[in-house]
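**Student:** Sharing a structure here in structure tokens format.
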Amino acid sequence: MRVLSAILLSFILVASSACAASHEEKNTMALGEISQQQLVTNYRAFQDGYQKFQLSKAEINQIKRWPDDLHIDVYFGSWCHDSEREVPRFLKMMAENSTLSNRLIGLNYDKLEPGGSAKKHEISYTPTFVVYQNNREIGRIIERPNVSLTADISAMLTK
């Protein structure tokens, strides 16, 4: 009987720990503007994706030729598998051209954040990359690029 009680107590402790960890993860959702450093430090999937992704030499050369007046707002969910795939790739691209500016904006499940920027820009899916040149929106990449982030942004620049 004591063995059964001990097993039952162990099971309850493990289950409650798992629930607490799951609850804690949901409460640490990235909301609002966040730095690249905060994202890769606090969210393992983004760190892993960043470390694993490699750009080709052709992509690096393309990125280095992008104009200095290029700015990209990235609306993402720290809970979203598409964001976990695409945002680390984007961060790798930004590391190749330090003159480019960007903002990372974490959203909740309703695609909202405290600053209201996502609502103002009618963001419905994550990730959404809003690409600006000379402070004018020139295109968006929603959820996943058609070819690649590098190719799709380069195509926007040639329109």
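**Student:** Grab the alpha carbons of the range 31-157, take their convex hull, and tell me the volume per residue in Å³. Mind showing how you got there, number by number?
**Tutor:** Details: hull volume 12.2 nm³, N = 127.
It is 96 Å³ per residue.
**Student:** What are the lysines whose alpha-carbon lies under 18 Å from the alpha-carbon of LYS64, with same-chain residues fewer than 8 places away excluded?
**Tutor:** Filter leaves LYS92.
Any read-out appearing in this document is the output of simple, stated calculations on the displayed coordinates, not a laboratory observation. What you see is a predicted model, and the numbers here were worked out from it, not measured in a lab.
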